[in-house]
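Trainee: Can you keep this structure in mind? I'll have questions shortly.
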Amino acid sequence: MTVIKQRSVSNTSAEYLQNAGLSPLMARLFAARGVADVAQVSINLSNLLPPNSLTNNKQMAKLLADAIQANKKLLVIGDYDADGATATAVAVKGLREFGADVGFLVPNRFEYGYGLTPEIVALAATQKPDVIITVDNGIASVDGVAAANALGMQVLITDHHLPGQETPQAACIINPNQHGCSFASKNLAGVGVMFYGLLALRAEFRERGIYAQQPEPNLTELLDLVALGTVADLVKLDENNRILVEQGLRRIRAGACSYGITALLKIAGREPVKATAQDLGFYVGPRLNAAGRLDDMTLGIQCLLAGSEIEAMQIAQQLHSLNLQRRSIEADMQDSANIALDDIEMKGQYSISMFQPDWHQGVIGILASRIKERHHRPVIAFADAGDGLIKGSGRSIPGLHLRDALDLLSKHQPHLILKFGGHAMAAGLTIRGDDFELFKHGFEAVVRSLITEADLESVLEVDGGLTSQDMTLQTAQLLESQVWGQGFAPPLFYDEFEVLSQRVLGEKHLKLTLKPVSNLPASSRSRIEVDAIYFNQTDLPGDRIQAAYQLQTNSYNGAQKVQLNLRFVSA
């Protein structure tokens, strides 16, 4: 069951924002998202949190500067998702701008798993680096760092994940979520942490007088990559992250971005000059992630580092093909999951744990997300990992911190989970295949102890209705120009409509013409008709509906019109 809940709005904040020059609609939307001052929606780079406020960043900069000036060989070790790929590209491009001798290595998820493991250290050692720099990983790599230290390689960790009980003995760690870090934004993505490391490195070289006779690197040239990784990793878009994303989008729209991002946008049918945060999240991110899910993220990183438009487009074509394969695999997995779930009485379930031997390791995270969206329960999907082991990827709902739940289960049954890690809303783990049923029941018991039945109700937060003055193409364009995302949700409106026409489009979607019958003056109701689309729905809703919707622009045959993207409909 879906419960509609209107976001609460501070009238004081809304009035203040309106007096500061925002339209009544934008003032209401921002106030509903906790904005109380126009400074909170400023997107000027000067308003970024200072690099030195990130604990250990100055020390990290000194170590990097020393290594570069000593001509030491640096090796970046990344992660196989979009955040890890962009963080690797930012590290390599940025450090090379400072004159570093730097290469990169990204683990193949199927051979090595996640993070700086001893196995990855052994592989890295064949390249004989003096310094290993981790991006988007490392905070939990106690054994890997120890292995690197034993081989005489210095380890510098840049990460944003939550630390475990033991901290690796690295030469330096920057991570806003490490114990004792006072950095005001705990929501930096891995790519954001690496970018902050480069900002501190530039400041260190300034202090050393390096730029007295030569121009310094322009690090804003990396912001398109920072924006992509930040959006794709679904970190909360707090004030600091919104600045990074907006500034990156401005570079993309101006054509001042990497060949790789431009190619990925074009291959997805998106116009770079009109790029939005949603384009990065729904079109670019999945194509980049496809490399890490099905093959090797090296291909994705090579796309982001491409030195020409031709090279970038050739690699983008390969990534696009991989993404089509991923979608086909996902559809098959979804079908088999739905068949299995049809036999379960969901009302009595607080969690869903599933395993099928033929599922693909690289796609189980997406599958878990889809099942969670449908049933609004914490979901963990497992795939065969060989050697009697299975790997799980989980997605959670508001109210259940997934990593903490797994931690609690591991304390109850110390030998059940071989390894795990993650966040509140997503986590990964490994168990023995023979222990699946034991895990399934243990996880269900832990979830029941942490949440209530009320938490299993899907709550759809809406922003009220729109007036006739705001249901326009201009308003849609204004909304699409803003940075919305995780923790700063895109506006979702709720109104009543008369259905003037409806038909099924392509056997998959509903195409409708609607006339608003609420929140509009009587004199204007008859004049307002608007197109609407309801994706992945084919049931005709009737003559009158209440609908939650996003106001969007729709381009067709060179013309732009306003369109409602329906997200929920009730008769």
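The numbers here are math on the coordinates, done by the rules we state, and not lab data. The structure displayed is predicted, hence computed values, not measured ones. Neighbour counts run over all protein chains shown; Cβ positions are idealised from the backbone, glycine included.
Trainee: Report the calculated FRET efficiency for residue 459 and residue 66 (r = Cβ-Cβ distance, R0 = 56 Å), to the nearest 0.05. Mind dumping the intermediate values first?
Mentor: Details: r = 52 Å, r/R0 = 0.93.
Efficiency, from the Cβ-Cβ distance: 0.60.
Trainee: Nearest 10 degrees, 0 to 90: what angle lies between the long axis of helix 190-207 and the longest principal axis of the chain (Cα atoms)?
Mentor: Its long axis makes an angle of about 50 degrees.
Trainee: Also, I was wondering about something else. Going by a ≥ b ≥ c, the root eigenvalues of the Cα gyration tensor, does segment 158-298 fall in the rounded group (a/c under 1.5), the prolate group (a/b larger than b/c) or the oblate group? Display every interim value, and only then the final one.
Mentor: Numbers: a/c = 1.90, a/b = 1.24, b/c = 1.53.
Oblate, since a/c reaches 1.5 and b/c is not below a/b.
Trainee: Sticking with this structure for a sec: Quick check for me: using +1 on Lys/Arg Cβ and -1 on Asp/Glu Cβ, what's the dipole size of the chain about its Cα centre, in debye to the nearest 20?
Mentor: 1020 debye
Trainee: Got a sec? How would 181, 257 order by Cβ neighbour count within 10 Å, fewest to most?
Mentor: Working: 181 17, 257 24.
Placing the least packed residue first, the sequence is 181, 257.
Trainee: Which FRET efficiency, nearest 0.05, do residue 5 and residue 108 yield, Cβ-Cβ r, R0 56 Å? Could the numbers behind the result be given before it?
Mentor: Details: r = 44 Å, r/R0 = 0.78.
E between residue 5 and residue 108, to the nearest 0.05, is 0.80.
Trainee: Roughly what would the spin-label model give for residue 128 and residue 338, points 7 Å off Cα along C-beta, in nm?
Mentor: The answer from the label model is 5.7 nm.
Trainee: Given the options 218, 87, 133, identify the residue whose Cα lies farthest towards the positive end of the charge dipole of the chain (+1 on Cβ of Lys, Arg; -1 on Cβ of Asp, Glu).
Mentor: Positive-end residue among those listed: 218.
Trainee: Dimensions of segment 362-422 along principal axes (Cα, Å, largest first)?
Mentor: 31, 26, 16
Trainee: Roughly what percent of Cα-Cα pairs across segment 434-571 reach past 18 Å?
Mentor: Numbers: 5982 of 9453 pairs.
For segment 434-571, the share of Cα pairs beyond 18 Å comes to 63 percent.
Trainee: How long are the three semi-axes of the equivalent ellipsoid of segment 328-453, in whole Å, if each is the root of 5 times an eigenvalue of the C-alpha gyration tensor, listed from largest down? Could you put the intermediate results ahead of the total?
Mentor: Numbers: eigenvalues 78, 64, 34 Å².
After diagonalising the Cα gyration tensor, the semi-axes are 20, 18, 13 Å.
Trainee: For segment 151-306, what is the relative contact order in percent, using Cα pairs closer than 8 Å and at least 6 residues apart in sequence?
Mentor: Values: 183 pairs, mean separation 25.7, N = 156.
Averaging sequence separation for qualifying contacts and normalising by length gives 16 percent for segment 151-306.
Trainee: Principal axis lengths of segment 331-371 from Cα atoms, whole Å, largest first?
Mentor: 30, 16, 16
Trainee: For residue 560 and residue 449 in the same chain, what is the full-extension length gain: residue separation times 0.36 nm, less their Cα-Cα distance, in nm?
Mentor: Working: separation 111, 0.36 × 111 = 39.96 nm, distance 5.11 nm.
Answer, rounded to one decimal: 34.9 nm.
Trainee: Now, a different point. Taking Cα centroids, how far is segment 468-508 from segment 181-241 in Å?
Mentor: 34 Å
Trainee: Quote to one decimal, in nm, the extra length available between residue 317 and residue 356 on full extension: 0.36 nm per residue of separation minus the C-alpha distance between them. Display every interim value, and only then the final one.
Mentor: Working: separation 39, 0.36 × 39 = 14.04 nm, distance 3.09 nm.
Roughly 10.9 nm would be gained on extension.
Trainee: Here is a further query. Using mean Cβ contacts within 10 Å as the protection proxy, how do 219-226, 424-431 order, highest first? Show your work: numbers first, answer last.
Mentor: On the way: 219-226: 22.9, 424-431: 20.1.
For the peptides 219-226, 424-431, the packing ranking is 219-226, 424-431.
Trainee: Note down the net charge around residue 290, summing +1 for each Lys or Arg and -1 for each Asp or Glu among other residues with Cβ under 10 Å from its Cβ. Each step should come with its number before you reach the end.
Mentor: Values: positive: 287, 293, 326, 327; negative: 295.
Computed value for this residue: +3.
Trainee: If you only keep lysine pairs separated by 8 or more in sequence, or across chains, how many in segment 283-431 come under 21 Å at the Cα atoms?
Mentor: Working: 347/372; 372/391; 391/411; 391/419; 411/419.
Within segment 283-431, the lysine pair count is 5.
Trainee: Treat each spin label as a single point 7 Å out from the Cα along the C-beta direction, and report the residue 324 to residue 347 distance in nm.
Mentor: Once both label points are built, they end up 4.5 nm from each other.
Trainee: Something else: In degrees, nearest 10, range 0 to 90: what is the angle between the Cα axis of helix 364-375 and the longest Cα principal axis of the chain?
Mentor: Helix 364-375 sits at roughly 30 degrees to that axis.
Trainee: Rounding to the nearest 20 debye, state how big the charge dipole of segment 157-265 is about its Cα centre with +1 on each Lys and Arg Cβ and -1 on each Asp and Glu Cβ. Provide the component values of the computation, followed by the final result.
Mentor: On the way: 9 positive and 11 negative charges, 50 e Å.
Here the size comes out at about 240 debye.
Trainee: Sticking with this structure for a sec: What is the magnitude of the charge dipole of segment 346-505 about its Cα centre, with +1 placed on the Cβ of each Lys and Arg, -1 on the Cβ of each Asp and Glu, and no other charges, expressed in debye to the nearest 20?
Mentor: In total the dipole reaches around 580 debye.
Trainee: If you take all C-alpha pairs in the chain, what percent of them are over 35 Å apart? Intermediate values should be presented prior to the final figure.
Mentor: Numbers: 66374 of 162735 pairs.
Everything past 35 Å amounts to 41 percent.
Trainee: Would you mind ranking 329, 174, 243 so that the residue whose beta carbon has the fewest other beta carbons within 10 Å leads the list? Can you show the working numbers first?
Mentor: On the way: 329 18, 174 27, 243 22.
Lowest count first: 329, 243, 174.
Trainee: Below 8 Å, C-alpha to C-alpha, sequence gap of six or more: please give me the relative contact order for segment 100-223 in percent.
Mentor: 18 percent
Trainee: Which lysines does residue 515 reach when only Cα atoms under 18 Å apart count, and residues fewer than 8 places away in its own chain are ignored?
Mentor: 561
Trainee: Can I ask one more? Aspartates and glutamates near residue 511 by alpha-carbon distance under 20 Å, same-chain residues fewer than 8 away left out - which ones?
Mentor: Correct list for residue 511: 495, 496, 498, 529, 531, 539, 543.
Trainee: Here's a follow-up. Between residue 415 and residue 59, what length comes free when the chain is fully extended (0.36 nm per residue of separation minus the Cα-Cα distance, one decimal in nm)? Intermediate values should be presented prior to the final figure.
Mentor: Values: separation 356, 0.36 × 356 = 128.16 nm, distance 3.88 nm.
Length gained between residue 415 and residue 59: 124.3 nm.
Trainee: Report the Stokes-Einstein translational diffusion coefficient (µm² s⁻¹, integer) for segment 32-84, Rh taken as the Kirkwood radius over Cα pairs, at 4 °C with viscosity 1.567 mPa s.
Mentor: Details: Rh = 15.0 Å.
For the chosen part, D equals 86 µm²/s.
Trainee: Output ³J(HN,Hα) for segment 208-221: one whole-Hz value per residue in order, computed from phi by the Karplus curve 6.51 cos²θ - 1.76 cosθ + 1.60 with θ = phi - 60°, and x for Gly and Pro.
Mentor: Listing the rounded values in order: 7, x, 5, 9, 5, 10, 8, x, 8, x, 8, 6, 5, 5 Hz.
Trainee: Tally Lys and Arg at +1 and Asp and Glu at -1 over the other residues with C-beta under 12 Å from the C-beta of residue 510: what net charge comes out? Don't jump to the answer; show the numbers that get you there.
Mentor: Numbers: positive: 503, 508, 511; negative: 507, 531, 539.
It works out to a net charge of 0.
Trainee: Computed on alpha carbon atoms, what radius of gyration and Dmax characterise segment 218-347, expressed in Å?
Mentor: Just the Cα atoms of segment 218-347 yield Rg and Dmax of 16.7, 58 Å.
Trainee: Taking +1 at the Cβ of each Lys and Arg and -1 at the Cβ of each Asp and Glu, which of 333, 368, 468 sits farthest along the dipole of the chain towards its positive end, judged by Cα position relative to the Cα centre?
Mentor: 468
Trainee: Can you compute 3J(HN,Hα) from phi for each residue in segment 134-144, using the Karplus curve 6.51 cos²θ - 1.76 cosθ + 1.60 with θ = phi - 60°, rounded to whole Hz and x for Gly and Pro?
Mentor: Going residue by residue, I get 8, 10, 6, 6, x, 5, 10, 8, 4, 5, x Hz, with x marking Gly and Pro.
Trainee: What number, in percent, do you get for the relative contact order of the chain if the mean sequence gap of Cα pairs under 8 Å and at least 6 apart is divided by its residue count?
Mentor: Numbers: 1140 pairs, mean separation 64.3, N = 571.
Across the chain, relative contact order equals 11 percent.
Trainee: Would you calculate a helix-derived [θ] at 222 nm for the chain, using -39,500 (n - 2.57) for each DSSP H run of n ≥ 4 and dividing by the full residue count, to the nearest 500? Spell out each step's value before the answer.
Mentor: Numbers: 18 runs with 216 residues, N = 571.
The helix-only estimate for the chain comes to -11500 deg cm²/dmol at 222 nm.
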